[in-house]
Amino acid sequence: MIPQTFEYSAPKALDEALRLVNQGGQPLAGGMSLIPMMKLRLAAPEQLVDIGRIKELNYIREEGGTLRLGATTTHYDVESSPLVRSKCPLLAETAAAIGDVQVRNMGTIGGSVAHADPAADYPAALQALEAKLVLKGAKSERTVTAADFFVEAFATVLEPGEIIREVIVPVEPSGAGTSYQKMAQPASGFAMVGIAARLQRSGGKIHSVRIGVTGLSNHSYRAMEAERALEGKAGSASEIQNAAALVTEGADANSDLHASADYRRHLAVVYATRALVAALARAV
Ligand code: FAD
């Protein structure tokens, strides 16, 4: 329960943090995942670079039809931001579903995304939102889609020396309906399965359906077969049921002490149905 010794620095400027990370330091954000891993000796960084005091990483702003969230924005700030709640309610709803109030007060969107826990909540929403992530190195900056970012359980396309600087999500058009529904692991709150649904309806037909899935397999994904099945439909109970049944298509379901693969697949269909019904009810 006692971590190995490590150096600690808390730079106030992003450039300085990047210099230290480029030299092998590991970013520390809310510490909600990294500190427990260090205590269990599953991680033993020699140098921690605390990015929590860098003001230029902590913001939520609207810009050109998007919301931009600095990496150290806490789950609580996402959940409670009037801007996020009105312009991207799916993200606020997802943040509110994470863990407990202590975790939401400390944990950050950048930390959660970088950690890439296969049972984390944000990835489902970020897939459904077709979010973009800005990755910054000491001398470079690149933007990747959420779909490309998550590679495996706890593995992403982040290169050594890079940090997540910003998360970009779209401002929802008026009339869009969204919902995040999950089966929470009772002790931790992590998603045994979590489904984010996002759709629009016009002329009595559903269009632009996006469904993000987390918890089911090694990494989050978009359930494109299910999306296609619902596009152009009115959204009757049987049409939603048929689409939800496709949400596990092509995915390799995880089996662990919390849930078997069969049970997770079953949960995914149930929660996809709930998320689609709720999103449709909110689409006006
Ligand atoms: P840290 O723990 O500080 O860092 C995590 C990892 O990300 C480290 O490898 C670190 O080096 C790296 N990192 C951090 N920031 C950056 C960055 N900007 N760029 C690059 N790398 C970075 N999560 C859920 O989704 N749903 C839950 O229900 C849930 N329940 C939880 C319950 C408990 C009791 C606890 C302790 C955690 C829970 N979590 C849950 C995890 C929580 O959301 C964490 O906040 C999150 O996983 C990590 O964010 P952090 O800011 O604490 O990152």
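In terms of packing, defined here as the mean over residues of other Cβ atoms within 10 angstrom, the peptides 89-102, 198-211, 143-156 line up highest first as 89-102, 198-211, 143-156. Less than 5 angstrom separates the built amide H of Gln47 from those of Glu7, Gln26, all sequence-distant by 5 or more or on a different chain. For Val193, the amide hydrogen comes within under 5 Å of the amide hydrogens of Met183, counting only partners 5 or more places away or on other chains and with H modelled in the peptide plane.
Hey, what did the chain get for relative contact order, percent, Cα under 8 Å, at least 6 apart? Reported as a whole number, the value is 16 percent.
Quick check: at a probe of 1.4 Å, how many percent of the accessible area of the chain sits on carbon and sulfur atoms?
Values: 6590 of 12790 Å².
Carbon plus sulfur share of accessible area: 52 percent.
Note on Ser9 and Asn22: the model spin-label points, each 7 Å out from Cα along the C-beta direction, lie 1.2 nm apart. Backbone phi angles across the stretch 81-98, fed through the Karplus curve with coefficients 6.51, -1.76 and 1.60 (θ = phi - 60°), yield HN-Hα couplings of 5, x, 5, 5, 4, 8, 9, 8, x, 4, 5, 5, 5, 5, 4, 5, 8, 7 Hz in residue order; Gly and Pro are listed as x. Accessible surface calculations at 1.4 Å, restricted to protein heavy atoms, place the stretch 79-157 at 38 Å² per residue.
Using the crude model of +1 on Lys and Arg Cβ and -1 on Asp and Glu Cβ, and no other charge, please compute the dipole size for the stretch 18-150 relative to its Cα centre, in debye to 20. Numbers along the way, then the final one.
Details: 14 positive and 14 negative charges, 80 e Å.
Magnitude of the dipole: close to 380 debye.
Heavy atoms of the protein chains alone define the surface here; on that basis the stretch 1-55 has 62 Å² accessible area per residue at 1.4 Å probe size. With both labels modelled 7 Å from their Cα along Cα-to-Cβ, the Thr145 to Ser174 distance reads 2.9 nm. Largest GNM mean-square fluctuation among Gly30, Gly212, Gly250, using the chain with Cα springs under 10 Å: Gly250. Excluding ligands, DNA and RNA, the accessible surface per residue across the stretch 188-266 is 45 Å² with a 1.4 Å probe.
Taken about its Cα centre, the stretch 125-217 carries a charge dipole of about 320 debye when Lys and Arg each add +1 at the Cβ and Asp and Glu each add -1 at the Cβ.
The values are calculated or read from the model by the stated rules, or taken from the named source; none is laboratory data. The model shown is predicted, which means the values in this text are computed figures rather than measured ones. Every residue, glycine as well, gets a Cβ built from its backbone with ideal geometry; the counts of neighbours run over all protein chains shown. Quick note on the areas: whole protein, heavy atoms, side chains included, nothing else; ligands and nucleic acids left out. Shrake-Rupley method; radii C 1.70, N 1.55, O 1.52, S 1.80 Å.
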